[in-house]
Amino acid sequence: MKESVLTPHAALVYLMVVVASADSRMADEEIGAMSHSVADLPAFKGYDRSWLVATVRACNTMLREKDGLETVLGLVYAALPHSVRDTAYALASNTAASDGKVDQEESRLLEMMRDDMGIERLTAAAIDRAVVALNRSLPA
């Protein structure tokens, strides 16, 4: 498979797709979280949202290849400046939590990403806790 170079914006999208796909399916809430993140967050300033569907498809295609996860994560890490790796982790955590639960596969993947990106455990724990709070519904 020919490897390509990702833009930092595409790398953030790829990371969200990886987490959303961890349990072999993307929940509607996870797709919505990705779309809202791209539309609303400063990290995506300058990103042409019309590329989102194509970027998600390209990532899914790569993930289905042999050693797809390792390839995708290698491209993501190469494209992300160190200064935004906590932002990348927060986006991945938010995507995982957006359907109301973080399952075992997503949790393992987040832990691997945290370690690979050199994010301190306490920083990741704070991000994860904030993400849970932000995704909580008010009682009826």
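The values are calculated or read from the model by the stated rules, or taken from the named source; none is laboratory data. Being a predicted model, the structure only gives us computed values, none of them experimental. Every residue, glycine among them, receives a Cβ derived from its backbone with ideal geometry; neighbour counts consider all protein chains shown.
Of all residues being of a type in the set (Gly, Ala, Ser) and surrounded by 10 or more Cβ atoms within 10 Å (Cβ to Cβ) in the stretch 42-72, which is farthest from VAL5 (Cα to Cα)? Just the residue, please.
ALA43
Test each condition in (1) touching a Phe, Trp or Tyr at 6+ places or on another chain (Cβ under 9 Å); (2) within 24 Å of ARG114 (Cβ to Cβ) for ALA58 and report the one that comes out false.
(2)
If I go through the stretch 12-41 residue by residue, how many of them are touching a Lys or Arg at 6+ places or on another chain (Cβ under 9 Å) and surrounded by fewer than 18 Cβ atoms within 10 Å (Cβ to Cβ)?
2
Take MET16 and tell me if it is closer than 22 Å to ARG136 by Cα, under 15 Å from the mean Cα position of the chain (by Cα) and outside any helix (DSSP H, G or I).
Judged against the criteria, MET16 is not a match.
Give me the pairs, please: first residue somewhere in the stretch 120-138 and of a type in the set (Asp, Glu), second residue anywhere and part of a helix (DSSP H, G or I), beta-carbon distance under 6 Å, and either six or more positions apart or on two chains.
Taking only residues 6 or more apart or on different chains, the pairs are ASP128/SER93.
Just to be sure I understand, how many residues within the stretch 94-119 are over 18 Å from LEU15 (Cβ atoms) and modelled with pLDDT of 95 or more?
Within the stretch 94-119, the first condition is being over 18 Å from LEU15 (Cβ atoms), and the residues that meet it are 100-101, 104.
Within this subset, residues satisfying the condition of being modelled with pLDDT of 95 or more are none.
Residues in the stretch 94-119 being over 18 Å from LEU15 (Cβ atoms) and modelled with pLDDT of 95 or more: 0 in total.
Out of curiosity, is VAL84 under 21 Å from HIS9 (Cα atoms), buried (at least 20 other Cβ atoms within 10 Å of the Cβ) and in contact (Cβ under 8 Å) with a residue 40 or more places away in the chain?
Taking the combined requirement at face value, the residue does not satisfy it.
Criterion first (free of Cβ contacts under 8 Å to residues at least 60 places away in the same chain, buried (at least 19 other Cβ atoms within 10 Å of the Cβ) and on the phi < 0 side of the Ramachandran plot) does VAL76 satisfy it?
So VAL76 does not fit the description; no.
Restricting the stretch 38-53 to residues that are charged (D, E, K, R) and assigned to a helix (DSSP H, G or I), which is nearest to ASN135 (Cα to Cα)?
The residue in question is ASP40.
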